[in-house]
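Structure, as structure tokens:
Bear in mind that the values in this text are calculations on the coordinates, not laboratory data. Model, not experiment: these values are computed from the prediction. Glycine also receives a Cβ, built like all others from the backbone with ideal geometry; neighbour counts cover every protein chain displayed.
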Amino acid sequence: MGPPGVGKGTQSQRLSGEYGIPIVATGDMFRKIRQDVSPLAREVQEYMDRGEYVPDDLTIEMALSRLNEPDTKKGFILDGFPRTVRQAEALDDALAQDDRHIDHVVLLTAPNEMVLERLAGRWVCSTCGRVYNESSNPPRLPGVCDVCGGKLVQRADETPEVQRHRLEVYEHQTAPLITYYQGTKRLEVLDATKSVDEVTNELRALLNGVVKERA
Ligand code: AP5
């Protein structure tokens, strides 16, 4: 969890490779859907372009159906889901039915000015989705993905006004979710103002604890 631009996608990509588990990122799933020509795609596009959350029913159905796929059975990283208490409750119920549960909820934090600056410099690979930043995490060759050679682009839902509104929506709608997870004692808060590597190291330390507990 964490505000837009705090580094959720960046960290998920690093840990997914290391632990060999998939990322379930509802933002990426919605970005794929919005490319279609359908009433659903139009609806999703309208919410995203306004910087608003897509309604819970649709989001929950999409995320839970992804979590039914076999590659998630040995673990997964959720990025950007759940974002509301209703989504969190639906997630907990669905996992419990399958004898699974969430080990850890990590909240990445950084001040608004910092996340807005990170978003302004973000570039994403149009082929594999790898995230870069023109100052903090540049590609080796400008405009070209280090991993797959794909073209780097900026997201369609990314004007500065929309980014600022997404922050407001996050603060308003996701605050109750933080309280929800604090109540279940699963919440870990990490300072994401540090470098990408430092944040990865802290996350790794946290997850290694989980893996040892299970062994
Ligand atoms: P989504 O795609 O999930 O966007 P978001 O949560 O707003 O977060 P971002 O992906 O923009 O940022 P991030 O935290 O992943 O940062 P990143 O790693 O890219 O959602 C988009 C939309 O989809 C929503 O607005 C909504 O409409 C809809 N949606 C999605 N899920 C939903 C849900 N559950 N319910 C309802 N609606 C939903 O990093 C940003 C930049 O910073 C990069 O350039 C990166 O290189 C750089 N960076 C990262 N870490 C560091 C660091 N430590 N130091 C310096 N730079 C860094």
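Quick look at the values:
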{"item": "Over the chain: Kirkwood hydrodynamic radius from C-alpha pairwise inverse distances, Å", "result": "18.0 Å"}
{"item": "Selected from I23, I60, I33 as most flexible by GNM, with the chain as the system and alpha-carbon contacts under 10 Å", "result": "I33"}
{"item": "Proximal aspartates and glutamates to K151, defined as alpha-carbon separation beneath 19 angstrom and excluding residues fewer than eight positions away on the same chain", "result": "D28, E134"}
{"item": "Integer Hz, Karplus 6.51/-1.76/1.60 couplings in order for region 87-94, x for Gly and Pro", "result": "5, 5, 5, 5, 5, 4, 4, 5"}
{"item": "Most mobile of L187, L141, L116 in a GNM of the chain (Cα contacts under 10 Å)", "result": "L141"}
{"item": "Sites excluded, trypsin sites (Lys or Arg not before Pro) in DSSP loops with at most 11 other C-beta within 10 Å, longest stretch of the chain", "result": "1-73"}
{"item": "Placed amide H near A25: partners under 5 Å, 5+ positions off or other chain", "result": "D79"}
{"item": "Neighbour-count order for T127, T200, fewest beta carbons within 10 angstrom listed first", "result": "T127, T200"}
{"item": "Dipole-positive endmost among L167, C125, L190 within the chain (Cβ charges, Cα centre)", "result": "C125"}
{"item": "Other-chain or far-sequence residues with amide H under 5 Å of V144's (modelled H)", "result": "L152"}
{"item": "Fluctuation leader among P139, P22, P82 - the chain, Gaussian network, Cα springs under 10 angstrom", "result": "P139"}
